[in-house]
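In what follows, a single structure is set out as structure tokens and then discussed.
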Amino acid sequence: MHGNFDNTLKLVRLVLRRERFNSSVWIIVLTLFSVILAPGMHEMFSDMGTRTQIAAIYDNPIMVAMMGPVYGLDNFTTGAMYGGMMLLWVAIAVGVMNIFLVTRHTRTDEERGQIEVVRSLPVGRLATINAAMISALLINGVLALLIGLGLAATGTDGMGLGSSLLYGALVGAVGLVFAAITALCCQLSSSSGGAIGMSMGVLGLAYMIRAAGDAQGSDLIACMSPFGLAQRSQVYVNDYLWPLLVLLALACVIAAIAFKLNSIRDLGQGFLAAKPGRRGAGPLLRSPFGLAVRLLAKMLIIWFVVMLMLGASYGSVIADIGAFVGDSPEYLQVIGIPAEVVATMTDADKSKIIVDYFAAFITVMMTLVCLVPVLNAAMRVRSEEREGRSEHILSRVVSNTSYMAGYVAIAYIASVLIQFATAAGLYLATDAMAEANPFTFGGLVSAFFAYLPAMWVLIGVAVLIIGLFPKATGAIWAVYGFVAFTSFIGGMLKLPDWVNWLSPMYHVPRLPMEEMAYPPLVVMTVIALVLTALGFVFYKRRDLAPA
Amino acid sequence: MSELSLETVDLTKRFGKFTALDSVNLKVNEGEVFGYIGPNGAGKTTTIRVLLGILQASEGSAKVFGMDAWKDAVEIHKRIAYVPGDVNLWPNLTGGEVIDLFVSLCGKHDKSRREGLLEDFDLDPSKKCRTYSKGNRQKVALVAALASDADLYILDEPTSGLDPLMEQVFQERVLGLKKQGKGIFLSSHIMSEVEKLCDRIAIIKEGAIVESGTLDEMRHLTRMSMTIKTEAPVEGLDQVKGVHEITDGQGGLTFQVDSDTVGDVVSFIGKFGVTKLESTPPTLEDLFMRHYNTAGGA
């Protein structure tokens, strides 16, 4: 096997040079996010009583399944809270970073024929994969070190240097495990898309295994997953080292298998034969609408599931929320209870009022999140145009109007389905966790559906922008930002009424505290339809504008 | 040949201040193969997009089958098939799915043609479009267009990514369509292809048509190249009307002759005892380069 690794170091420099932007952004964003959140968390929950209270609320099967177990309750420092709440999410993000990083420099290069060029030079057979793995090691190492040092430097309660370095190392080690898994998937699949899909699948599976293990309180099952393993380190509480060592060993073993497979396969081949796709289109794909459904379905289904889960996570804590926020005027203000209501609240109706306002508050928040995929669905018609793919459809027997109608119809339908999914998640989890469900299913669904006309107004704005300003479709996100901003903190900032008035969300009756009021909803629906219709008129009249 | 399948009158298209098309006049007869040549950026694709009704003319008119290209786009599209120059496809659909989708969006199509075309063009329809090379993406668009039963085929540089073998398949297919009396509007910068396939040709330069007609007509307006060897040295050739660019080389005397003075020149050189005479008509490439070289100052 002499010479298998020749010139690896030069290739490492090539990888790092090509990564100077991409990986730097990942490292900077992840480090800043991690470091800024630590003192932020401490400021928000500065005394141990509050933190323990929060932990108690979160210590229910649904939240443990989502986030992992809570450790160190007897001395719940901010560090312990941070370690329990943050490690999983940052580790997932770093896993995703590594999946893209390793695929980019192995399978993608191979697919594009770049490795062929490199291989024709005096470069070892395993030098490419070796260079990708060494680069991953360096990048994850830098990230681990920066996060560890950064967290220690904040001097946050309970976050010493040793523990913080362990926290960073755990993040980096999970990253390396996924770098190795991706390297393996790149040997199995013969396309970069397939390799990314497979690695993401493993990441999803790792999350599910951990969730299943944690939900049953089984450390053994949870430790089958790199995420569960990392959490067993109980960083900032007990700082066990063995999970870190197991993770690193795991990465080495998987990487070794990947190297072995790489050395015995032909360039361009994968061990799993590429599954041939369909030779022809099914009946569903044979129309412009069918194409739009096909292009958007995957993204929308993922969002429906995510929103169902997000709804469920709020549902699992909502019954206890009164006990937590009840004594804090700031929290009462955040969830939007007016001062006069707070002043007249009696102990008897206090918890119901808080639950109602909290429900109304998360309805607004969730609606804002739901708007993202809905607007994306509508904007897809423009990105298709920009990518030069609308031309194929519009040069055939399809009118501009019916072409765009497919995407817009999907956006409208998706708005209804995703609001329903969120309400369902919220209701079902509340029902499972609370002794007496404070909501009725119908009541929750109507609270979420009351926001539909407001969502439709934004769809209308999106369609109008596509019709009128195809070069500036990013403007829809500025509009969205304004709506989100005013809904979020408009009340707290005491913005002038007319500013809030501009946002469609402002006119929605806030169920369940307020009565359902139909006139504003009808007016907004009409406005939405008029904006949509205008968008269609302008779209029909304008040139197709690629780029 | 009386019906026009396609006609533009003073067609002008501006993008902001930039004039992409400047009073373009084109006439394509029914059942004719029309070659539209010009380099990248000359306005070929813009013309086609106007004809397809996905860009609106700033001035002038564009008609296909006598209908307005913008207003009656959908009606027109029932009778045409189109292959774009730059084929972008959906990375996660297979080639076969895309072909079926395209074909089912056409007015008329012939299902039986699909398999034959796939075989001729040697295209695997079960692969995802992301794995296709440029040539293969072009094949997807070609198979979809040729499988549909159109009266006019609009092809924008359809062979720019194809290998010579596939180019041959393409040319055979086009000649087959021509035999069936189908009209073809072929934009290209591959001169030999246009020379071989097209009845009439238009050359576009910076948004304006600089020459159009049959290849013969266009040649008529230009010079032919002659190489001769004679027993006696030729004298006074530079005095003869219509003779240009005389060079004396090893192969003999080479010069250019205006097409309408060929007879006079031949009788003049006859006096010197011609032992060898070669004449080559200008290729389309020569015609084309003539327009472009003068502009470039070369």
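Hey, which of the helices (runs of 4 or more DSSP H) in region A:107-171, taking only ones fully inside, have at least 1 residues that are polar (S, T, N, Q) and open to solvent by 50 Å² or more (accessible area, probe 1.4 Å)? Show your work before the answer.
On the way: elements: A:107-111, A:114-119, A:127-154.
Helices (runs of 4 or more DSSP H) meeting the threshold: A:114-119.
Of the conditions (1) within 12 Å of chain B (Cβ to nearest Cβ); (2) within 22 Å of A:Arg380 (Cα to Cα), A:Arg278 satisfies every one except a single condition; which number is it?
(2)
For region A:185-214: of the residues being open to solvent by 40 Å² or more (accessible area, probe 1.4 Å) and in contact with a Leu (Cβ under 7 Å, 6 or more places away or on another chain), which is nearest to A:Trp242 (Cα to Cα)?
Kept after step one, since they are open to solvent by 40 Å² or more (accessible area, probe 1.4 Å), are these residues of region A:185-214: A:188, A:196-198, A:200-202, A:205, A:208-209, A:212.
Those left that are additionally in contact with a Leu (Cβ under 7 Å, 6 or more places away or on another chain): A:188, A:198.
Details: A:Leu188: 30, A:Met198: 28 Å.
In this case the residue turns out to be A:Met198.
Here is a yes/no grid of residues against (1) farther than 22 Å from B:Asp86 by Cβ; (2) surrounded by fewer than 23 Cβ atoms within 10 Å (Cβ to Cβ); (3) among the aliphatic types (A, V, I, L, M); (4) within 14 Å of chain B (Cβ to nearest Cβ):
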{"residue": "A:Cys370", "(1), (2), (3), (4)": "yes, no, no, no"}
{"residue": "A:Glu385", "(1), (2), (3), (4)": "no, no, no, yes"}
{"residue": "A:His392", "(1), (2), (3), (4)": "no, no, no, yes"}
{"residue": "A:Thr401", "(1), (2), (3), (4)": "yes, yes, no, yes"}
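Being out of contact with any Lys or Arg (no Cβ under 9 Å at 6 or more places or on another chain), within 20 Å of B:Trp90 (Cα to Cα) and open to solvent by less than 50 Å² (accessible area, probe 1.4 Å), is that true of even one residue in region B:119-126?
Checked against the condition, which is being out of contact with any Lys or Arg (no Cβ under 9 Å at 6 or more places or on another chain), within 20 Å of B:Trp90 (Cα to Cα) and open to solvent by less than 50 Å² (accessible area, probe 1.4 Å), region B:119-126 yields no hits at all.
Can you name the residue in region A:1-24 that is assigned to a helix (DSSP H, G or I) and within 23 Å of the chain's Cα centre (by Cα) and is also surrounded by the fewest Cβ atoms within 10 Å (Cβ to Cβ) among such residues? Working first, answer last.
Taking region A:1-24 and keeping what is assigned to a helix (DSSP H, G or I), we get A:8-18, A:22-24.
Those left that are additionally within 23 Å of the chain's Cα centre (by Cα): A:22-24.
On the way: A:Asn22: 14, A:Ser23: 23, A:Ser24: 12.
It comes out as A:Ser24.
Of the numbered conditions (1) touching a Gly at 6+ places or on another chain (Cβ under 8 Å); (2) open to solvent by less than 50 Å² (accessible area, probe 1.4 Å), B:Ala141 fails exactly one; give the number of that condition.
So the condition that B:Ala141 fails would be (1).
Starting from residues that are assigned to a loop (DSSP other than H, G, I, E, B) and away from chain A (no Cβ under 12 Å), keep the ones in region B:144-159 and report whichever is surrounded by the fewest Cβ atoms within 10 Å (Cβ to Cβ).
B:Asp149
Filter region A:256-274 down to the residues that are assigned to a loop (DSSP other than H, G, I, E, B) and more than 14 Å from chain B (Cβ to nearest Cβ) and list them by number. Give the derivation first.
Applying the first criterion (assigned to a loop (DSSP other than H, G, I, E, B)) to region A:256-274 yields A:265-274.
Those that are assigned to a loop (DSSP other than H, G, I, E, B) and more than 14 Å from chain B (Cβ to nearest Cβ): A:Arg265, A:Asp266, A:Leu267, A:Phe271, A:Leu272.
Considering only residues that are part of a loop (DSSP other than H, G, I, E, B) and touching a helix residue (DSSP H, G or I) at 6+ places or on another chain (Cβ under 6 Å), look in region A:490-543 and name the one that is farthest from A:Val408 (Cα to Cα). Break it down into steps so the answer makes sense when it comes.
Keep residues of region A:490-543 that are part of a loop (DSSP other than H, G, I, E, B), which gives A:494-496, A:503, A:508-517, A:542-543.
Next, from what is left, pick out any that are touching a helix residue (DSSP H, G or I) at 6+ places or on another chain (Cβ under 6 Å): A:503, A:508, A:510-513.
Details: A:Ser503: 21, A:Val508: 22, A:Arg510: 27, A:Leu511: 28, A:Pro512: 30, A:Met513: 33 Å.
Here the answer is A:Met513.
Within region A:25-37, is there a residue that is of a type outside the set (Val, Ile, Thr), open to solvent by 30 Å² or more (accessible area, probe 1.4 Å), in contact (Cβ under 8 Å) with a residue 60 or more places away in the chain and touching a Lys or Arg at 6+ places or on another chain (Cβ under 9 Å)? Can you show your working first?
First, the residues of region A:25-37 that are of a type outside the set (Val, Ile, Thr): A:26, A:30, A:32-34, A:37.
Now drop any that are not open to solvent by 30 Å² or more (accessible area, probe 1.4 Å), which leaves A:26, A:32-33, A:37.
If we keep only those that are in contact (Cβ under 8 Å) with a residue 60 or more places away in the chain too, we end up with A:26.
Retained after the next criterion (residues that are touching a Lys or Arg at 6+ places or on another chain (Cβ under 9 Å)): none.
So far as region A:25-37 goes, no, none of its residues is of a type outside the set (Val, Ile, Thr), open to solvent by 30 Å² or more (accessible area, probe 1.4 Å), in contact (Cβ under 8 Å) with a residue 60 or more places away in the chain and touching a Lys or Arg at 6+ places or on another chain (Cβ under 9 Å).
Looking at region A:530-546, is at least one residue farther than 30 Å from A:Ser399 by Cα, at pLDDT 90 or above and crowded, with 16+ Cβ neighbours inside 10 Å?
Here is the first cut: in region A:530-546, the residues farther than 30 Å from A:Ser399 by Cα are none.
Taking every residue of region A:530-546 in turn, none turns out to be farther than 30 Å from A:Ser399 by Cα, at pLDDT 90 or above and crowded, with 16+ Cβ neighbours inside 10 Å.
The values are calculated or read from the model by the stated rules, or taken from the named source; none is laboratory data. Keep in mind the model is a prediction, meaning the values are calculated, not measured. Every residue, glycine as well, gets a Cβ built from its backbone with ideal geometry; the counts of neighbours run over all protein chains shown. Side chains included, ligands, DNA and RNA excluded: accessible areas come from the protein's heavy atoms. Shrake-Rupley method; radii C 1.70, N 1.55, O 1.52, S 1.80 Å.
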